[in-house]
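Working notes, structure below.
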There are 2 protein chains.
Amino acid sequence: MPDTTRAPRQDNRRIQLLDAAAALFAEHGFHAVSMRDIARNVGMLPGSMYYHFPSKNDLLLATYEEGVRQLSQRVDLALADEDEPWARLEAACKAHAEILLNESDYAQVILSVFPRDVAAISDNLKPLRDGYEDRFRILIEALPLAADVDRNSLRLMLLGALNWSKNWYNPRHGSPREIATDMLALLKRSLV
Amino acid sequence: MPDTTRAPRQDNRRIQLLDAAAALFAEHGFHAVSMRDIARNVGMLPGSMYYHFPSKNDLLLATYEEGVRQLSQRVDLALADEDEPWARLEAACKAHAEILLNESDYAQVILSVFPRDVAAISDNLKPLRDGYEDRFRILIEALPLAADVDRNSLRLMLLGALNWSKNWYNPRHGSPREIATDMLALLKRSLV
DNA sequence: TTTAAAAACAAACGATTGTTTGGTTTAAAA
DNA sequence: TTTTAAACCAAACAATCGTTTGTTTTTAAA
């Protein structure tokens, strides 16, 4: 063990390693990707990765955390410009769809790797997911809705439909923002 | 090779084997389940399973086919009693939710194992999924909707929300039929 | 320029993976 | 009751898995 600890080097490749892991996990799923696959993609030998992460599960956990961070940051940024409740929800949905379908491998990992697929760390993964989704609970709380509308069902329906869209999304048939707009439009006019 | 082929024996365990595979695939995902896990669950040695199925991928393919068969049969049965377009769609959604969340491990496999997780047979899996979902396209086609309603978005939203519900479903907070009713209600009153 | 820590290499570890092979038991047709 | 195919067992196969260990290279502080 070293006597003193230094800052990471300039050529530290922890982030590139995490990027490669996120991209592969997002595309093929957790179990379908081996540590050797990731190492090959980042130009590193398999054993070398263990300098940066103590295990494959920890690698997944790190991508989850980064995914939640990116999603949260992106949605918060989109919300900053909006005041009206419906506009705020729409902005959040657009940001959600955009980062999910286009921008971030990390975010896609959250939706394509289910906690129960990795039982050993499912207790660590679930709260990360839930914490992010709570933003939508608050956004829907603020909507002026008819008295008999179940806000919980509304949230589950909206987020479910958006999250599932990664299974059929095709850039040629509409952008992520358009998808979010369409879905919200279907709901909105009945609920006001 | 035998000179003549006989019918399967009375004690043939192909179905029990398929049942065990479906249950495990549905609960843990395809890659998280080993052939030995399945063998143990059905009380068989690992090698013996290869008498019934030539590979693990074929085992998955068979569960997919059975899942689609069960879903289709269940939905068709529910549709037989209904005439009015909205009632038909609601009956289909209820049946879809019910078999998905409660009744069939086979059906759950279709939603929890993504074709791209098993690249080698993804071309076989996708059309099975699509063929079933086409029923909903037809049901929505028959709805009397305002001219500006995008039927494709409606289908994707409804099915997406229902399919995603397996990620949050909790029997204590409403039955599958109630979930389907709630979601359809959210959409219905705005679209007529 | 020396030196210590950061980072990666090189090579292997034991365990588990899907699968194959050859022989044995069991049910049912003859 | 004999016989044949169905069904399973028992044991191993090569390949791949995540991971560990000991050593070497590289960066940057001293």
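The values are calculated or read from the model by the stated rules, or taken from the named source; none is laboratory data. Here the structure is a predicted model, which means the values were calculated and not measured. Cβ atoms come from the backbone with ideal geometry, glycine included; neighbour counts cover every protein chain shown. Note: accessible area is taken over every heavy atom of the protein model, side chains too, but ligands, DNA and RNA are not part of it. Shrake-Rupley method; radii C 1.70, N 1.55, O 1.52, S 1.80 Å.
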I want to check the label-to-label distance for A:ARG36 and B:ASN124. Put each point 7 Å from Cα in the C-beta direction and report it in nm to one decimal. 2.5
How many square angstrom of accessible surface are buried between B and A, both sides summed, with a 1.4 Å probe and rounding to 100? 3000
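Taking the alpha carbon gyration tensor of the protein assembly as shown, what are the square roots of 5 times its eigenvalues, largest first, to the nearest whole Å?
35, 34, 16
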Could you tell me what percent of the accessible area of the protein assembly as shown is made up of carbon and sulfur, with a 1.4 Å probe and every protein chain present? 49
Which FRET efficiency, nearest 0.05, do A:ALA147 and B:ASN152 yield, Cβ-Cβ r, R0 30 Å? 0.40
Each label sits 7 Å from Cα toward the beta-carbon; between B:ASP3 and B:ASN57 the label points are separated, in nm, by 3.7
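With a 1.4 Å probe and all protein chains left in place, how much accessible area per residue does the protein assembly as shown have, in Å²?
I get 51 Å² per residue for the protein assembly as shown.
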Have a look at A:ALA146, A:ALA21, A:ALA78 and tell me which one the Gaussian network model of chain A (Cα, springs below 10 Å) gives the largest fluctuation. A:ALA146
For chain A, longest principal axis from Cα atoms; helix A:56-79 axis from its Cα atoms; angle between them, nearest 10 degrees, is 40
Cross-link partners among lysines for A:LYS188, C-alpha distance below 20 Å, same-chain residues fewer than 8 apart left out? A:LYS94, B:LYS188
Run the label-point distances for B:ALA146 please: 7 Å along Cα to Cβ, every other copy, nanometres, shortest first. 1.3
Nearest 10 degrees, 0 to 90: helix B:176-191 Cα axis against chain B principal axis: 30
Put a label point 7 Å from Cα along the Cβ direction on A:GLU65, then list its distances to the equivalent points in the other copies in nm, shortest first. 4.6
How many nanometers, to one decimal and shortest first, lie between the label point of B:SER122 and those of its other copies, if labels sit 7 Å from Cα toward Cβ? 2.5
Restricting attention to the alpha-carbon atoms of the range B:62-191, what are Rg (one decimal) and Dmax (integer), both in Å? 14.7, 44
